[in-house]
1. Quick check on region 50-62. Is at least one of its residues at pLDDT below 85 and either in a loop (DSSP other than H, G, I, E, B) or not aliphatic (A, V, I, L, M) (or both)?
2. Looking only at region 172-182, decide whether some residue is at pLDDT below 95 and on the phi > 0 side of the Ramachandran plot.
3. Could you run through region 450-505 and say how many residues are under 12 Å from H405 (Cβ atoms) and in a helix (DSSP H, G or I)?
4. Going by the conditions given, is P316 closer than 30 Å to A382 by Cα, open to solvent by 30 Å² or more (accessible area, probe 1.4 Å) and not in a helix (DSSP H, G or I)?
5. As an exercise: evaluate R449 against (1) closer than 18 Å to I435 by Cβ; (2) out of contact with any Leu (no Cβ under 7 Å at 6 or more places or on another chain) and give the number of the one condition it does not meet.
6. In region 485-496, what residues are surrounded by fewer than 17 Cβ atoms within 10 Å (Cβ to Cβ) and touching a residue at least 24 places away in the same chain (Cβ under 8 Å)?
7. Contact list please: Cβ distance under 7 Å, first residue in region 21-39 and farther than 19 Å from K139 by Cβ and aromatic (F, W, Y), second residue modelled with pLDDT of 50 or more and surrounded by fewer than 17 Cβ atoms within 10 Å (Cβ to Cβ), pairs at least six apart or on different chains.
8. Testing I126 on (1) aliphatic (A, V, I, L, M); (2) buried (at least 22 other Cβ atoms within 10 Å of the Cβ); (3) outside any helix (DSSP H, G or I); (4) at pLDDT 95 or above, one condition comes back false. Which one is that?
Amino acid sequence: MKYFRFLLRYNLKIMKMEASTVATAKKSIQEGQAEIRLTSEKVFYNPVQEFNRDLSIAVLSVFTKDYMEEKLTRALKVKKSEKIVNDATGNGTNPEIPVTILEALSATGLRSIRYAKEVPNITKIIANDLSEQAVETIKSNIVHNGVEDLIETSHDDACMLMYKHKHPSQRFAAIDLDPYGCPSIFLDSAVQSVQDGGLLLVTATDMAVLAGNSPETCYCKYGAVSLKTKCCHEMALRILLQCIEQHANRYSRYIVPLLSISADFYIRVFVKIYSGAIHCKKTTSKLSMVYHCVGCDNITLQPLGGFKPNPTEKNPQQTKGYLPAAPPVGEYCSHCNQRHHLGGPIWSAPIHDDAFVSRVLTHVQDNPALFGTAKRMRGVLAMVREELPDAPLYYTQDKLFGRVHLETMPMLTMRSAILNAGYKVSYSHAAKLSIKTAAPAQLVWDIIRTWEKTHPVKPAKLESDPVAKYILSQPIKSGVDLSERPDANPISRRDGQLRFQFNPAPHWGPGSRAAVNIGEEKVSKALRNQNKHSSKKKNAGKRDHSPPSDDEVHKKSNIEQTVT
């Protein structure tokens, strides 16, 4: 009887394993023009990042054309072979200019397969992963999609693979880094392995670190102190950009940001890498320390360096570097009489290239069927194109009015007041209630104090909050006009673009490392870990009140004798 029970349990177990194997083998994902099969439970896939992949394909489609034209222009300048000169008069696609892409952390290979099928002018893609199971999955997906002629697999450490390609003749036209968490460990090798004028695509998902929850960890990983402010998402972008610039500068290289996006639970930057020691000297003028007021949340930037005119007879356009005076703030904030926190350095130069973003937006508008998230891409790119390039970071309307316990002013009224004062204003794609402007903080608080005249705060709240009382008691020094104007409503908002995405899926987030993040399996680890410490606590409590065993008494006496 026992034998039959054992046989029954064994057969049931085998059937479950076979069913699980069949279910895994049948699991496939269609995205863009690619279809991948997940043959292993330990291969990472996150469907929420489809927007990330769509945007990368759009950027690469525009970049590859620019890259080839730039290479042709350089070739003409150095008088290359006659064949290249003749091809330069053709359609702008020269087969002798290789466009190679490295996806250093490929997982399923979905991104590489989509690049091969959807991005023009690519000559070769290397899909690399450290996991042997992932590489086997990539190989099977490459064959399944029929792109063996373009994609080559690699089973290697990502950093070592990039170091092997740092010679100028072996560098990549583009390197895509999309790790789980922080990308900083890959940046040293990446900045050396990109062609001059090549593209580096970097994702960071450790937003808690970048957004100020752990500033000491942020300094360890990125070389900058993060601050817990309402503009933390744009600050995260600027911290990552300065980190890439610092790595590049060590090898006399520098970055030119093309597009920097904060979306969902991650940030994504697209930067060109160039060589030139003389340009590296300008880095200090692109970086700033950040003074953050703990009372009113005001941000003041302190540039690390600057340049001023220094004309000579031979070079009237010559400039000279200098160190700016510091600090830019007093011991106490002039608006709320509170102290400051110091963060940074951050990238304080523009984080987008307006002309490039416009071309990417045009590409998306002309090819909406290529992208599953085309509607969202149009909205985000339209907002990015409207952002002020010379106004780092931003205010948020809820923080400004919440700080002084006031009824919130309509956004269009706030924007109109800034425009009426003669300053520009825009949204930031990183926050729905953002106010990005180069107007002085004095004007912003004067607008709020003017609003308070007709929408007074309750006296009891002012008495219990001395900071709010101090801010509202200051005199209004600027002329404030709250009348609304038509140009206060930006085109992206007026056209009803999808500018801010709702949570795209249940259990939305960065997912678990190396797991299939689809369906119910996305939360299997969370369910498995629920109350995992409760039984230990109960057992510990029981042990505390129960008499010790003979072995425990004997062991304790031996320890006491040894100590004595």
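1. Within region 50-62 (the criterion being at pLDDT below 85 and either in a loop (DSSP other than H, G, I, E, B) or not aliphatic (A, V, I, L, M) (or both)), the answer is no, since none of the residues qualifies.
2. yes
3. So the answer is 12.
4. Numbers: closer than 30 Å to A382 by Cα: no; open to solvent by 30 Å² or more (accessible area, probe 1.4 Å): yes; not in a helix (DSSP H, G or I): yes.
Spelling it out, it is not the case that P316 is closer than 30 Å to A382 by Cα, open to solvent by 30 Å² or more (accessible area, probe 1.4 Å) and not in a helix (DSSP H, G or I).
5. (2)
6. Filtering region 485-496 for residues surrounded by fewer than 17 Cβ atoms within 10 Å (Cβ to Cβ) gives 485-487, 489, 491, 494-496.
Matches in region 485-496: R485, D487, N489, I491, D495.
7. Going by the 7 Å Cβ cut-off, there are no qualifying pairs.
8. Here I126 clears every test but (2).
The values are calculated or read from the model by the stated rules, or taken from the named source; none is laboratory data. Owing to the predicted nature of the structure, the values given are computational and were not obtained by experimental measurement. Neighbour counts are summed over all protein chains in view; Cβ atoms, including those assigned to glycine, are modelled from backbone coordinates with ideal geometry. Surface areas here come from the heavy atoms of the whole protein model, side chains and all, with no ligands, DNA or RNA. Shrake-Rupley method; radii C 1.70, N 1.55, O 1.52, S 1.80 Å.
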